[in-house]
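The values are calculated or read from the model by the stated rules, or taken from the named source; none is laboratory data. Model, not experiment: these values are computed from the prediction. Positions of Cβ are backbone-derived with ideal geometry, glycine not excepted, and every protein chain shown enters the neighbour counts. When the accessible area is computed, the model is the full protein with side chains, heavy atoms only, and any ligands, DNA or RNA have been set aside. Shrake-Rupley method; radii C 1.70, N 1.55, O 1.52, S 1.80 Å.
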Amino acid sequence: MSGQLVVAGLGPGAEDMITPEVTAALIEATDIVGYGPYVARVALRAGQRLHGSDNRVEVERASFALDLAARGRKVAVVSSGDPGVFAMASALFEALEDGPAEWRDLDIRILPGITAMLAAAARLGAPLGHDFCAINLSDNLKPWAVIEHRLRMAARGDFAMAFYNPRSRARPEGFARVLDVLREELGGERLISFARDVSKPGEHLLTLPLAEARAGMADMRTVVIVGNSMTRQVGRFVYTPRQAPGVQGAGVQGAE
């Protein structure tokens, strides 16, 4: 098949946080497909078509993009942050699995982007400097019982935690329940950080003890990061040491 499809991460908001690889793919694309506000972030070039759609039609959007590519178009499906983190890459493969067999022969690439979680952590310092997990707090695709179980297990495992989609207008009470669970498991002294509109003009950072956190401090434009038992503040920075409790010496931990 002659068509091509990339799923591209646009990063957290600032144009200079879009990778050169993604920029090149957007220039080459004949069609840009995605959630309306994300498509609006892409500068339209001569001959390109923009296809914006609603936020809750991810699989339908992915099927539409695959069909365009099957007809010979060069398609870029855009997500904010990284497309593989609570975003369009997984939806694309759901559509691919359920769609026509010939779609599997398409030239498909996933192009990574800077996630809101990593952009927020960098602004704060290094709160994810040791083992951490990311949890999407939206209950659109999973029940509250699953969210609560994962929160409690992550807390008991002493992970730092990053939360996406903490509090929407449709479920304003959900994040209050999250804070209650965290206080039950962790007490009130654990550090929690709120990073809103990271890399955008209205960027705002706030770090405080869990006991002082309130649900209204978060919305859908906020990434929330809860430290582990070792997380601390140094001046205006928050960081989690690389070394776990009980380990002797300060050996170097390499990254592969």
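Kindly indicate whether residue 64 is under 17 Å from the mean Cα position of the chain (by Cα) and not small (Gly, Ala, Ser). Quick ask: steps written out before the conclusion?
Details: under 17 Å from the mean Cα position of the chain (by Cα): no; not small (Gly, Ala, Ser): yes.
For residue 64, the condition - under 17 Å from the mean Cα position of the chain (by Cα) and not small (Gly, Ala, Ser) - is not met.
Quick test for you: out of 233, 248, pick the one residue that is open to solvent by 40 Å² or more (accessible area, probe 1.4 Å) and either part of a helix (DSSP H, G or I) or at pLDDT 95 or above (or both).
When all the criteria are applied, what remains is 233.
Would a scan of the stretch 207-214 turn up a residue that is modelled with pLDDT of 95 or more, under 30 Å from residue 38 (Cβ atoms) and either buried (at least 18 other Cβ atoms within 10 Å of the Cβ) or in contact with a Gly (Cβ under 9 Å, 6 or more places away or on another chain) (or both)?
We begin by selecting, within the stretch 207-214, every residue modelled with pLDDT of 95 or more; these are 207-214.
Adding the requirement that they be under 30 Å from residue 38 (Cβ atoms) leaves 207, 213-214.
If we keep only those that are either buried (at least 18 other Cβ atoms within 10 Å of the Cβ) or in contact with a Gly (Cβ under 9 Å, 6 or more places away or on another chain) (or both) as well, we get 207, 213.
Scanning the stretch 207-214, I find at least one residue that is modelled with pLDDT of 95 or more, under 30 Å from residue 38 (Cβ atoms) and either buried (at least 18 other Cβ atoms within 10 Å of the Cβ) or in contact with a Gly (Cβ under 9 Å, 6 or more places away or on another chain) (or both), so the answer is yes.
Just to be sure, is residue 224 open to solvent by less than 10 Å² (accessible area, probe 1.4 Å) and of a type in the set (Val, Ile, Thr)?
yes
Please list, ordered by residue number, the helices (runs of 4 or more DSSP H) wholly in the stretch 1-116 having 3 or more residues that are crowded, with 16+ Cβ neighbours inside 10 Å and without any contact (Cβ under 8 Å) to a residue 40 or more places away in the chain.
58-70, 88-98
Write out, first by first residue and then by second, each pair whose Cβ atoms fall under 8 Å of each other, whose residues are 6+ apart or on separate chains, and whose first residue, in the stretch 139-161, is within 18 Å of residue 231 (Cα to Cα) and in contact (Cβ under 8 Å) with a residue 60 or more places away in the chain while the second is in a loop (DSSP other than H, G, I, E, B) and among the polar types (S, T, N, Q).
Once the first residue is within 18 Å of residue 231 (Cα to Cα) and in contact (Cβ under 8 Å) with a residue 60 or more places away in the chain and sits in the stretch 139-161, its partners that are in a loop (DSSP other than H, G, I, E, B) and among the polar types (S, T, N, Q) give 158/228; 158/229; 159/228; 160/228; 160/231; 160/240.
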